[in-house]
Each structure stands twice: as C-alpha cells, then as structure tokens.
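The values are calculated or read from the model by the stated rules, or taken from the named source; none is laboratory data. The structure presented is a predicted model; accordingly, all values stated were derived computationally and were not measured. Quick reminder, even Gly has a Cβ in these numbers, built from the backbone with ideal geometry, and neighbours come from all protein chains shown. SASA here: full protein model, heavy atoms, side chains in, ligands and nucleic acids out. Shrake-Rupley method; radii C 1.70, N 1.55, O 1.52, S 1.80 Å.
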Amino acid sequence: MNIFSLEQIREADRLTILNQNISSDELMERAGARVFEWLHGRLQGNAVRIHVFCGVGNNGGDGLVIARLLMESEYNVKVYIVDFSEKRSPDFLLNLDRIKNMKHWPEHFNGDKGEELPDIKREDIIVDAIFGVGLNRAPSGWVGKLMEHINATGAFVLSVDMPSGLFMNTVPEKGSPVIQAAHTLAFQSPKLVFFLPGTGIYTSSWEILDIDLDKEYLRNIQPEAVFIEKSEALSLYIPRKKFSHKGTYGHALFIGGSYGKIGAVYLSAKACLTSGAGLVTTYMPRCGYSILQTALPEAMVLTDANEEHISTIAFDLEPKVIGIGIGLGKHRATVDAFKAFLQKNSTPLVIDADALNILSENPELVQRVPAKSVLTPHPKELERLIGTWKDDMEKLEKGKAFAKEHDLVLVVKGAHTIVIYNEKLYVNSTGNPGMATGGSGDVLTGMITGLISQGYTPVNAAVFGVYLHGKAGDIAVSNTGYEALTAGGIIDYTGDAFLDLFARPEHQEAGQEAG
Ligand SMILES: NC(=O)C1=CN([C@@H]2O[C@H](COP(=O)(O)OP(=O)(O)OC[C@H]3O[C@@H](n4cnc5c(N)ncnc54)[C@H](OP(=O)(O)O)[C@@H]3O)[C@@H](O)[C@H]2O)[C@@H](O)CC1
Ligand SMILES: [K+]
C-alpha cells in the first residue's frame, strides 16, 4: 500500500475533480459519506450521543457532512464549530448552510467569549474533524485547551483523516496539543506519521477509506513511502526451483561471537538456515566451537586462533554474503581485525551490533563497506552512525542522505521498522512488542543474510526479511503471549510466516493496529 505526501494528496484531489468532472463539494460529500457509512455500519442506529467537532477548513467540512448524514439517519448528534480562523473554506461554508437548513444550530467556539467546555460523557462518541492535512502551525491556546478537554473526556474519539494536531511532514513540538484518537479513518492512504514513534502514538488504530482519488495519477507517481503488507511481501518472494541444490541457495558466512556471546551467532546462523540459505558457516573464537557444533549441527564452524575473541579474520571460502558483528565485542584485536577485513573484502555484508559501533567510531571505514550492503542499527546504533536528530522526520531525512551517500541499505528498527534505500522508504506492517527481547535483532540479521544468500537483492532481502521476522513474531505471540516470546521462538515460527504468505489475503476491513 502506498503512503502519499501532502503535495501528492493535494494533486490527486485536484485531478480527481478535473478528471471525474465533479465539484470539490461532491468529493467532500463522498469522503464524509464513507465515514458516515463506517459509523452507521457499527452503530446501527444506536442512541449514543455523538459530538462532532468541526474546524473551518475542509476537514471541518467533512465533519459537517458526517454530522448531516448522521442526523438524516436520526442519530443523536451535537455539532461544534471550532472557529480557529476567520478564513473558512467554501465547502465548509456550503455544508454549514446545509446543516442550518436542517434547523440544527452548531455551537461555536472562538475562544474569546469564554465559552464553557462542552459536557461530554465517557460513553459518548467524539468525531474529530478539527484539523486534517492542512495543519501548518501549532493550534493556538484556546483551541489547544479544547483539544485537551476532548482528550480528557475518555470518550471514544474517531479522527477524520488524521488526529487533529498532527502535521503531515513534521512532528509537533513538545507540549503542542494533539487529539488522542481511538481510531482514525484516513482518506485514500495512511499518513507516514502513523508509523513513527513520536506521532504513531496518537492513534491506537487506523484504516483507510477509499474515496476514489485519481487512480491513474496515484499509480504513476513515486509515493512518499510503501507500507509493506502481505501482498507486497509476496511479490518479493522467490519460489524454490524443483531442479535445485544447496548450492543454488548460496553459502552464507557469519563473523562474530566472543566469550559469553556465542548465542548471538547461533541465533543468526539458525535464522539464516531457517529462512532458506543453502549452506551456513560461522567464523568465531575457539570458545564457540563445541557450542555451535552441538547446538546447530547443520552449520559449519571455522575458528579464530584466539580463544575468547576474534583476532584475525581469515577464511578459505567464497561466501555469497557475510553477516558480521553479532556478539563480536570490541576487543582492540577484534577492531583491528575488522578494519583489516574491510580493507580487502568485496563480498556484500549485513552489518549489525558491534560492527556498527566500530563503524560509527571510525567513520572513515564506511567508505570500505561494499555498495548495497545492509546495516541493521537499533536507535542508539543509528544515532552513533548518522548523528542525533530533532524528531522522527529528521531521522528519516538523515537516514536517506546517509544511505544515498554510501549506496547502502539502512534498516531503521522500531515498532514499524523502516528500510531505506535509494531515497525510498519501506514501512513494515508486522511485529509486536513481544519481540523486544534479547537476540531478536540477531535473528533478523540471520534472516536478511539468508535471503541475500539465496538470491534476493539486498534491498528486497531487507524489506522481505523485516516483514517475515515480524510475521513470525506475530504468529509466535498468538501461541506464547508477549512476555514468553523469545528470539528462538521467532525462528521456530519462521516456517509459518512463509506459509502465511500463501494463506488467504489480509482483510483490510479489520483495521490496522498502530504503534
Ligand atoms: N485528500 C483529499 O483529496 C480530500 C480531503 N478532504 C479533507 O480536506 C482536509 C484538508 O483540508 P484543508 O486543506 O482545508 O485543511 P484543514 O486541515 O481542514 O485546515 C484548514 C486550514 O486551517 C489553517 N490552519 C492550519 N493550521 C492552523 C492553526 N494551527 N490554527 C489556525 N488555522 C490553521 C490553514 O489555513 P491557513 O490559515 O494556513 O491559510 C488550513 O488550510 C483533509 O484532511 C480531508 O479531511 C476531503 O474533504 C475531500 C478529499
Ligand atoms: K481530524
């Protein structure tokens, strides 16, 4: 599913009106009707009190359409106009007249008349149509107070298009008011801000309503980001061939491990085999030898001369891909070995953990990383690599610039992990908080390495690997619960994650859990 930018949505809006030969208020009617149908389908005429808060732009206009349609179906509706500006959109005004023609007189809030905040009960429903994609500065004092009042009621808040107070392309300043939505109905495409940690928290769930914006235009543009769900993941899947052998699926090598951290290599190597690599070898200090040979007989083991940490990196094989950094440690000899290795290596890498830290402490080494290698930093590691950021949007911008400059695939881990490559963003849909557990990242590194080994391009391996990893975690959690999920559990359910690709398609109506 594509995620569009503000400019793209505005252009689609314009072209829809032009090409479908409709007026802008007809498009607004269509959008409002979709929200009404959603509510009506669930409420079925219930007498619950519905408070519709409308701004004075087009988001507010949508709110007025929703309110009118609810009233026509005899719902118990109260409409409020949040008069935040003298400037009202023409379609807002048109719909305000239509409401008044129904002999309903909305209550106006304009902040300087000392209006009392409306009385709203927990069991009521609030429709938030104050601001939509047009918000371009923080809501002023009294508007913010009203928004905070709405948040404090504890009522179910349904946000129209996006929670009011969120911007399309920046993150609200600390303390800036934002509506806390229980659910958001976004027109045509989700907004990038639904997936970022600082802004995704403002809607517990979301879904999109198709308002038939110009399909031709939307199909032919480069979206702001792509949301990776089952259909996108399935399109990346490479079927295994009948006449193939283990050589077809590549030989992956893992370089890592140190005394007390052999488990990390075990997890990566096992995840790599489980995601389909033909052969796996691990290169580790001597102390890991018996452990790995016993725990994972399917893998081969090469050992360093040193007992407890890697001191030289030398091997006599030609792997298709190398996963490096898991459990590596930062012993001085290991750092030197890693530097020497980068000088001569040209095999694509999947770089994780301590190898990322060594890179960030020695930025000149990034030049030595082969093009199209994959970096999988968690937030702290990312910060060490690209520097600090003011907010999630700046983090993505810095990530894009870094990935572009070095021709690398950057996996920005989070509740919605985002893969960045060649100025494109791929936002993952799978995964859950149970996966915040030691070793989960080693499993991801193993999966991505395993996919590259069998012929996926590095960017596809990263996007597909992140999806599979999250999906395995989601299936696992339905059996274990969040707390009992371990990294090994994610590996155990990888097969189910592959099988799930071919199970029935996700059904969109159920809505997406956010954050
Ligand atoms: N996508 C589509 O195709 C369709 C979209 N539709 C709907 O339109 C919505 C977008 O509507 P919109 O452009 O009128 O903007 P909206 O969010 O209502 O804001 C209104 C105005 O407020 C102003 N303003 C900004 N910040 C402010 C602040 N802090 N305090 C005070 N004022 C502030 C700013 O104007 P400014 O003052 O900057 O000139 C802004 O223009 C969209 O979310 C969806 O619900 C559907 O109807 C049909 C199809
Ligand atoms: K809204």
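Listed conditions (1) surrounded by 15 or more Cβ atoms within 10 Å (Cβ to Cβ); (2) part of a helix (DSSP H, G or I) are all met by GLY323, apart from (2).
Of all residues in the range 404-428, those satisfying the criterion of being open to solvent by less than 30 Å² (accessible area, probe 1.4 Å) and either among the basic types (Lys, Arg) or part of a loop (DSSP other than H, G, I, E, B) (or both) are LEU408, HIS416, THR417. Considered as a group, the residues in the range 16-37 that are more than 10 Å from ligand 1 (Cβ to nearest atom) and open to solvent by less than 30 Å² (accessible area, probe 1.4 Å) include one that is farthest from ASP212 (Cα to Cα), and that residue is PHE36. Within the range 338-365, the set of residues being open to solvent by less than 10 Å² (accessible area, probe 1.4 Å) and under 18 Å from VAL321 (Cα atoms) comprises PHE338, PHE341, LEU342, LEU349, VAL350, ILE351, ASP352, ALA355, LEU356.
Each row is one residue, and each column tells you yes or no for (1) over 33 Å from the mean Cα position of the chain (by Cα); (2) outside any strand (DSSP E or B); (3) assigned by TED's automatic domain parsing to the domain that holds PHE194; (4) more than 15 Å from ligand 1 (Cβ to nearest atom).
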| site | (1), (2), (3), (4) |
| --- | --- |
| LEU70 | yes, yes, yes, yes |
| LEU94 | yes, yes, yes, no |
| ARG98 | yes, yes, yes, no |
| GLU123 | no, yes, yes, yes |
| GLY132 | no, yes, yes, no |
| PRO139 | no, yes, yes, no |
| VAL143 | no, yes, yes, no |
| GLU148 | no, yes, yes, no |
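Among residues of the range 376-390 being at negative phi and out of contact with any helix residue (DSSP H, G or I) (no Cβ under 6 Å at 6 or more places or on another chain), the one that is least open to solvent (accessible area, probe 1.4 Å) is LEU382. Could you list all residues from the range 288-315 that are under 26 Å from SER346 (Cα atoms) and either polar (S, T, N, Q) or not assigned by TED's automatic domain parsing to the domain that holds ARG332 (or both)? Result: THR303, ASN306, SER311, THR312.
Considering only the range 120-131, state which residues are within 15 Å of ligand 2 (Cβ to nearest atom) and open to solvent by 10 Å² or more (accessible area, probe 1.4 Å). If you could, list the steps in order and put the result at the bottom.
Of the range 120-131, the ones within 15 Å of ligand 2 (Cβ to nearest atom) are 125-131.
Answer for the range 120-131, where residues must be within 15 Å of ligand 2 (Cβ to nearest atom) and open to solvent by 10 Å² or more (accessible area, probe 1.4 Å): ILE125, PHE131.
Screening the range 150-166 for residues that are near ligand 1 (Cβ under 9 Å from one of its atoms) and either assigned to a loop (DSSP other than H, G, I, E, B) or not hydrophobic (A, V, I, L, M, F, W, C) (or both) and picking the one that is most open to solvent (accessible area, probe 1.4 Å) gives ASP161. Here the condition is being in contact with a Leu (Cβ under 6 Å, 6 or more places away or on another chain), under 30 Å from LYS424 (Cβ atoms) and assigned to a helix (DSSP H, G or I); of ALA12, ALA31, it holds for ALA12 alone.
Test ASN169 against the criterion of being polar (S, T, N, Q), more than 12 Å from ligand 1 (Cβ to nearest atom) and either assigned to a helix (DSSP H, G or I) or open to solvent by less than 30 Å² (accessible area, probe 1.4 Å) (or both), and give yes or no. Give the derivation first.
Working: polar (S, T, N, Q): yes; more than 12 Å from ligand 1 (Cβ to nearest atom): yes; either assigned to a helix (DSSP H, G or I) or open to solvent by less than 30 Å² (accessible area, probe 1.4 Å) (or both): no.
It is false that ASN169 is polar (S, T, N, Q), more than 12 Å from ligand 1 (Cβ to nearest atom) and either assigned to a helix (DSSP H, G or I) or open to solvent by less than 30 Å² (accessible area, probe 1.4 Å) (or both).
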